[in-house]
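Comments concern the structure below.
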Amino acid sequence: MNEADRLDALHAHDILDTGPEVGFDDIVRLAARLCDTPVALISLLDAERQWFKARVGFEPSETPIAQSICKHAVGQRDLLIIPDLTLDPRTQSNPLVLEDPHLRFYAGAPLVIAEGLTLGTICVIDHAPRPEGLTEVQADDLRSLARQVVSLLGSRPIDFTPFA
(Lines give C-alpha, C1' and ligand atoms only; values in the text may rest on other atoms or scores of the structure.)
Protein backbone atom coordinates (compact mmCIF):
# COMPACT_ATOMS: atom_id res chain seq x y z
CA MET A 1 0.00 0.00 0.00
CA ASN A 2 1.32 3.41 -0.97
CA GLU A 3 1.07 5.85 1.96
CA ALA A 4 0.75 8.86 -0.35
CA ASP A 5 -2.22 7.27 -2.14
CA ARG A 6 -3.78 6.36 1.22
CA LEU A 7 -3.47 9.94 2.48
CA ASP A 8 -4.77 11.34 -0.83
CA ALA A 9 -7.82 9.09 -0.54
CA LEU A 10 -8.41 10.14 3.07
CA HIS A 11 -8.22 13.84 2.19
CA ALA A 12 -10.43 13.35 -0.88
CA HIS A 13 -13.23 12.17 1.42
CA ASP A 14 -13.11 15.63 3.06
CA ILE A 15 -14.20 14.19 6.39
CA LEU A 16 -11.39 15.25 8.74
CA ASP A 17 -12.47 17.84 11.31
CA THR A 18 -16.14 17.60 10.34
CA GLY A 19 -18.89 17.75 12.93
CA PRO A 20 -20.73 14.84 14.48
CA GLU A 21 -23.01 12.78 12.22
CA VAL A 22 -25.68 10.53 13.65
CA GLY A 23 -24.84 7.57 11.40
CA PHE A 24 -21.24 7.39 12.59
CA ASP A 25 -22.25 8.07 16.20
CA ASP A 26 -24.78 5.23 16.07
CA ILE A 27 -22.13 2.85 14.78
CA VAL A 28 -19.72 3.47 17.67
CA ARG A 29 -22.53 3.11 20.20
CA LEU A 30 -23.41 -0.24 18.65
CA ALA A 31 -19.75 -1.33 18.56
CA ALA A 32 -19.30 -0.64 22.27
CA ARG A 33 -22.54 -2.42 23.13
CA LEU A 34 -21.97 -5.45 20.88
CA CYS A 35 -18.37 -5.93 22.01
CA ASP A 36 -19.12 -5.02 25.65
CA THR A 37 -16.39 -2.37 25.85
CA PRO A 38 -16.39 1.08 27.44
CA VAL A 39 -14.66 2.65 24.42
CA ALA A 40 -15.42 2.58 20.69
CA LEU A 41 -13.91 4.87 18.05
CA ILE A 42 -13.99 5.54 14.34
CA SER A 43 -10.38 6.56 13.85
CA LEU A 44 -9.10 8.16 10.65
CA LEU A 45 -5.33 8.14 10.26
CA ASP A 46 -3.73 11.28 8.86
CA ALA A 47 0.04 11.78 8.49
CA GLU A 48 0.60 13.34 11.92
CA ARG A 49 -2.53 12.43 13.90
CA GLN A 50 -5.42 10.08 14.29
CA TRP A 51 -8.72 11.92 14.35
CA PHE A 52 -11.92 10.40 15.69
CA LYS A 53 -15.00 10.89 13.55
CA ALA A 54 -17.10 9.31 16.28
CA ARG A 55 -16.30 8.18 19.80
CA VAL A 56 -17.79 6.87 23.00
CA GLY A 57 -15.91 6.53 26.26
CA PHE A 58 -12.84 8.49 25.10
CA GLU A 59 -12.64 12.24 25.55
CA PRO A 60 -9.93 13.44 23.11
CA SER A 61 -11.04 14.13 19.54
CA GLU A 62 -7.58 13.24 18.23
CA THR A 63 -4.18 11.97 19.32
CA PRO A 64 -0.73 12.20 17.75
CA ILE A 65 -0.07 9.41 15.28
CA ALA A 66 2.81 8.26 17.50
CA GLN A 67 0.21 7.31 20.15
CA SER A 68 -2.08 5.55 17.69
CA ILE A 69 -2.79 1.90 18.26
CA CYS A 70 -4.99 1.92 15.17
CA LYS A 71 -1.98 2.64 12.93
CA HIS A 72 -0.93 -0.98 13.42
CA ALA A 73 -4.09 -2.10 11.60
CA VAL A 74 -3.23 -0.16 8.41
CA GLY A 75 -2.43 -2.63 5.66
CA GLN A 76 -4.27 -5.49 7.36
CA ARG A 77 -7.32 -7.00 5.72
CA ASP A 78 -8.87 -8.34 8.91
CA LEU A 79 -9.16 -7.50 12.57
CA LEU A 80 -6.19 -6.54 14.67
CA ILE A 81 -6.73 -7.87 18.19
CA ILE A 82 -4.29 -7.12 21.00
CA PRO A 83 -5.51 -8.90 24.16
CA ASP A 84 -3.13 -7.05 26.49
CA LEU A 85 -1.56 -3.80 25.30
CA THR A 86 1.02 -3.93 28.11
CA LEU A 87 2.48 -7.16 26.69
CA ASP A 88 2.60 -6.28 22.98
CA PRO A 89 5.93 -4.76 21.86
CA ARG A 90 4.09 -2.39 19.48
CA THR A 91 2.04 -0.83 22.27
CA GLN A 92 3.64 -1.50 25.66
CA SER A 93 5.41 1.90 25.76
CA ASN A 94 2.43 3.91 24.44
CA PRO A 95 1.49 6.75 26.83
CA LEU A 96 -2.21 5.79 26.47
CA VAL A 97 -1.27 2.40 27.90
CA LEU A 98 1.24 3.53 30.54
CA GLU A 99 -0.68 6.61 31.72
CA ASP A 100 -4.29 7.75 31.94
CA PRO A 101 -6.55 6.31 30.46
CA HIS A 102 -4.56 3.03 30.95
CA LEU A 103 -5.83 1.21 27.87
CA ARG A 104 -5.40 -2.57 28.03
CA PHE A 105 -7.38 -4.30 25.26
CA TYR A 106 -7.77 -3.34 21.60
CA ALA A 107 -9.68 -4.77 18.66
CA GLY A 108 -9.85 -2.84 15.40
CA ALA A 109 -11.33 -3.52 11.99
CA PRO A 110 -9.67 -1.68 9.10
CA LEU A 111 -11.76 0.72 7.02
CA VAL A 112 -10.77 -0.44 3.55
CA ILE A 113 -12.26 1.50 0.63
CA ALA A 114 -12.89 0.04 -2.84
CA GLU A 115 -9.42 1.05 -4.03
CA GLY A 116 -7.93 -1.22 -1.38
CA LEU A 117 -6.66 1.64 0.78
CA THR A 118 -7.17 1.73 4.55
CA LEU A 119 -8.36 5.10 5.85
CA GLY A 120 -8.52 4.10 9.51
CA THR A 121 -10.37 1.71 11.78
CA ILE A 122 -13.42 1.16 13.84
CA CYS A 123 -12.10 -0.08 17.13
CA VAL A 124 -13.21 -1.14 20.57
CA ILE A 125 -11.03 -0.70 23.63
CA ASP A 126 -11.18 -1.83 27.25
CA HIS A 127 -9.34 -0.80 30.40
CA ALA A 128 -8.84 -4.46 31.35
CA PRO A 129 -6.91 -7.08 29.38
CA ARG A 130 -9.00 -9.63 27.52
CA PRO A 131 -6.95 -12.79 27.01
CA GLU A 132 -9.92 -14.29 25.14
CA GLY A 133 -10.16 -11.30 22.76
CA LEU A 134 -13.56 -11.11 21.10
CA THR A 135 -16.06 -13.88 20.58
CA GLU A 136 -16.59 -15.01 16.99
CA VAL A 137 -19.93 -13.17 16.97
CA GLN A 138 -18.36 -9.95 18.28
CA ALA A 139 -15.55 -10.16 15.72
CA ASP A 140 -18.10 -10.66 12.94
CA ASP A 141 -20.17 -7.72 14.26
CA LEU A 142 -17.10 -5.46 14.26
CA ARG A 143 -16.34 -6.44 10.66
CA SER A 144 -19.95 -5.67 9.71
CA LEU A 145 -19.78 -2.28 11.38
CA ALA A 146 -16.54 -1.52 9.50
CA ARG A 147 -18.37 -2.19 6.23
CA GLN A 148 -21.12 0.19 7.34
CA VAL A 149 -18.57 2.93 8.11
CA VAL A 150 -17.01 2.46 4.67
CA SER A 151 -20.49 2.65 3.12
CA LEU A 152 -21.21 5.91 4.95
CA LEU A 153 -17.85 7.29 3.85
CA GLY A 154 -18.66 6.27 0.27
CA SER A 155 -21.95 8.16 0.35
CA ARG A 156 -20.03 11.43 0.76
CA PRO A 157 -18.92 13.24 -2.43
CA ILE A 158 -15.22 12.67 -3.08
CA ASP A 159 -12.62 13.93 -5.53
CA PHE A 160 -10.08 11.13 -5.70
CA THR A 161 -8.30 9.50 -8.62
CA PRO A 162 -6.29 6.59 -7.26
CA PHE A 163 -2.75 6.04 -8.45
CA ALA A 164 -2.65 9.27 -10.43
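The values are calculated or read from the model by the stated rules, or taken from the named source; none is laboratory data. All of these numbers come straight from a predicted model, not from anything done at the bench. As a convention, Cβ positions derive from the backbone with ideal geometry for all residues, glycine included, and neighbour counts pool all protein chains shown. Note: areas computed on protein heavy atoms with side chains; ligands, DNA, RNA excluded. Shrake-Rupley method; radii C 1.70, N 1.55, O 1.52, S 1.80 Å.
Computed quantities for the displayed model
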read-out	value
Dipole moment magnitude, nearest 20 debye, the chain about Cα centre, only Lys, Arg, Asp, Glu C-beta charged	200
For R130, net neighbour charge (Lys/Arg +1, Asp/Glu -1) across residues whose Cβ lies under 13 Å away	-4
Carbon and sulfur %, accessible surface of the range 60-115 computed with the full protein complex present, 1.4 Å	52
Top positive-direction residue, dipole computed over the range 83-164 with Cβ charges, set L96, P131, A114	A114
Computed over the chain: relative contact order in percent, which uses C-alpha pairs under 8 Å that are six or more apart	26
Gaussian network model of the chain, Cα within-10 Å springs - most flexible of L142, L41, L134	L134
Under DSSP loop assignment and at most 16 Cβ neighbours within 10 Å, longest GluC sites (Glu not before Pro)-free interval of the chain	49-98
Label-to-label distance, nm, for residues given as V137 and S93 (7 Å Cα→Cβ offset)	4.1
In nm, spacing of pseudo-spin labels at R77 and Q148 (7 Å Cα→C-beta vector)	2.5
For the range 1-72, average projected area of the Cα convex hull in nm²	5.2
Options L44, L80, I27, ranked by Cα towards positive dipole end of the range 1-120, top entry (Cβ charges)	L80
For the range 7-58, size of Cβ-based charge dipole, Lys and Arg +1, Asp and Glu -1, in debye	280
Relative contact order %, the range 71-164, counting alpha carbon pairs below 8 Å whose residues are six or more apart	27
For the chain, accessible area per residue (1.4 Å probe, heavy atoms of protein chains only), Å²	47
Gain in span if fully extended, A128 to D14, counting 0.36 nm per residue against the direct Cα distance	37.5 nm
Highest-MSF residue in the chain out of R143, R90, R104 [GNM, Cα springs under 10 Å]	R90
